Amino acid sequence: MEIMRVTGSLVCTRRVPGLGVTDLRLLCDASGGLAVATDTVGASPGSWVFTVSGSAARYAVGDPALQTDLAIGGIIDDWDDDPVT
Amino acid sequence: MEIMRVTGSLVCTRRVPGLGVTDLRLLCDASGGLAVATDTVGASPGSWVFTVSGSAARYAVGDPALQTDLAIGGIIDDWDDDPVT
Amino acid sequence: MEIMRVTGSLVCTRRVPGLGVTDLRLLCDASGGLAVATDTVGASPGSWVFTVSGSAARYAVGDPALQTDLAIGGIIDDWDDDPVT
Amino acid sequence: MEIMRVTGSLVCTRRVPGLGVTDLRLLCDASGGLAVATDTVGASPGSWVFTVSGSAARYAVGDPALQTDLAIGGIIDDWDDDPVT
Amino acid sequence: MEIMRVTGSLVCTRRVPGLGVTDLRLLCDASGGLAVATDTVGASPGSWVFTVSGSAARYAVGDPALQTDLAIGGIIDDWDDDPVT
């Protein structure tokens, strides 16, 4: 799973059946690259989230009609990062 | 999922069975790399699309005879990118 | 599988169902990148671990309710690295 | 899927059961990196091919005894690349 | 699949159930990065091997109790690399 930040949304009227009615969020990763993820937790622009990729994205969301390869797994409240020196 | 742009098509007469009758599009990603994706939504050169990778590509398309690892998931009409500063 | 080091934990109250009750650890890989993994072996900050990715992460952990794409597979006691010259 | 070029073959007498009787080709990708793929279409050195990765590689080939993560999906005759300016 | 070289072994007493009784080898890839793979063919340090990743790693090995994401697929005797100029 990775840490990313929500920066916006995607408007796509013509889609494949398995992604027909899903919110698609634009995300930015640590190196500045863009990614597109399905969002079932209601993340807003500016939120820090963690993402689940691959087949786990489908299973974690718990909606068998949602055929994604990247899902927002949760909204990060805080992290306790203790770099080891 | 990733944002890519369609640049052309691939002509391949000799193929494995699982990709026998599929349109194969050439795509360009953000860093200029080429990729090949199956296309069931009818994207034309110049279109901005988002792609679905891995096993989700097969499930999203909804055609069990199409054994792809990268599918065009939809054509992008617009995006609402709100970089957080 | 990859070798990583635990650096902290993630606090996320709003999550998808498949990751509802799991410890999420922050890990640092060899190139300094951050990753998030589920932890069922009880690794503490500073521990060197190896991680299992993809669908193997779910199966290795042995808990069908844990829908992760990256799991801590074990805590490294020692390694016997014999670089071939 | 990716575009690669066949550069040779691999000789491996000691293998795991799922790859026991398969032709293994050496491929070169766009950035010069080497990869190994199973070949069921009979590609020869110098051929430009596209490759299928992940679980799709097994399904596309259509042989349930072939447990590969990268398969040659087809031999490229031609491509119609129309860079958008 | 990729070409890698065995450089050592990993000692991990505390592991997840799906990797409980497996030999874990340290491998070095072409760019000098380290990876960890399960080994069922008995590769020794210095051996050149090819590795199978993802779900194919589990299926190729043929042992349903081995939940790996990277397996040594075979030991390379020789390769016939014919760079196309």
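The values are calculated or read from the model by the stated rules, or taken from the named source; none is laboratory data. Everything numeric here is computed off the predicted structure, so don't read it as measured data. Backbone-built Cβ (ideal geometry, glycine too); neighbour counts: all protein chains shown. When the accessible area is computed, the model is the full protein with side chains, heavy atoms only, and any ligands, DNA or RNA have been set aside. Shrake-Rupley method; radii C 1.70, N 1.55, O 1.52, S 1.80 Å.
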Which ³J(HN,Hα) values in Hz, rounded to whole numbers, follow from the phi angles of the range A:26-31 under the Karplus curve 6.51 cos²θ - 1.76 cosθ + 1.60, where θ = phi - 60° and Gly and Pro get x?
-> 8, 10, 10, 8, 4, 9
Measuring with a 1.4 Å probe in the full set of protein chains, what accessible area per residue, in whole Å², belongs to the range D:2-75?
-> 36 Å²
For the range A:7-17, 3J(HN,Hα) per residue [Karplus equation, 6.51 cos²θ - 1.76 cosθ + 1.60, θ = phi - 60°, Hz, x = Gly/Pro] | 10, x, 9, 10, 10, 9, 7, 9, 9, 6, x
Determine the calculated [θ] at 222 nm for chain B from helices alone, applying -39500 (n - 2.57) to every DSSP H run no shorter than 4 residues and normalising by the residue count; nearest 500 deg cm²/dmol.
-> -2000 deg cm²/dmol
Determine the equivalent ellipsoid of the protein assembly as shown by diagonalising the alpha-carbon gyration tensor, then write out the semi-axes as square roots of 5 times the eigenvalues, largest first, rounded to whole Å.
-> 31, 31, 18
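How many Å² of accessible surface get buried when A and B come together, counting both sides, probe radius 1.4 Å, rounded to the nearest 100?
Values: alone 5750 and 5740 Å², together 9260 Å².
Approximately 2200 Å², summed over both chains.
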Cα centroid separation, the range E:23-65 to the range A:6-20 (Å) | 38 Å
Which residue, chosen from C:V21, C:A57, C:G33, occupies the Cα position most advanced towards the positive end of the dipole of the range C:2-75, where the dipole is computed from +1 (Lys, Arg) and -1 (Asp, Glu) charges on Cβ about the Cα centre?
-> C:V21
The size of the Cβ-based charge dipole (Lys, Arg +1; Asp, Glu -1) of chain A about the Cα centre, to the nearest 20 debye, is 620 debye
Please turn the phi angles of the range A:52-59 into ³J(HN,Hα) values with the Karplus equation 6.51 cos²θ - 1.76 cosθ + 1.60 (θ = phi - 60°), one per residue in order, whole Hz, x for glycine and proline.
-> 10, 10, x, 5, 4, 4, 5, 5
Find the relative contact order for chain E and round it to a whole percent, using C-alpha pairs within less than 8 Å whose residues are 6+ positions apart.
-> 30 percent
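Just to be sure I understand: of the beta bridges DSSP finds with both ends in the range B:2-75, what percent are antiparallel, rounded to 5?
On the way: 18 of 19 bridges.
Roughly 95 percent of the DSSP beta bridges within the range B:2-75 come out antiparallel.
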With Rg from the Cα atoms and Rh as the Kirkwood inverse mean 1/r over Cα pairs, the range D:2-75 has an Rg/Rh of 0.93
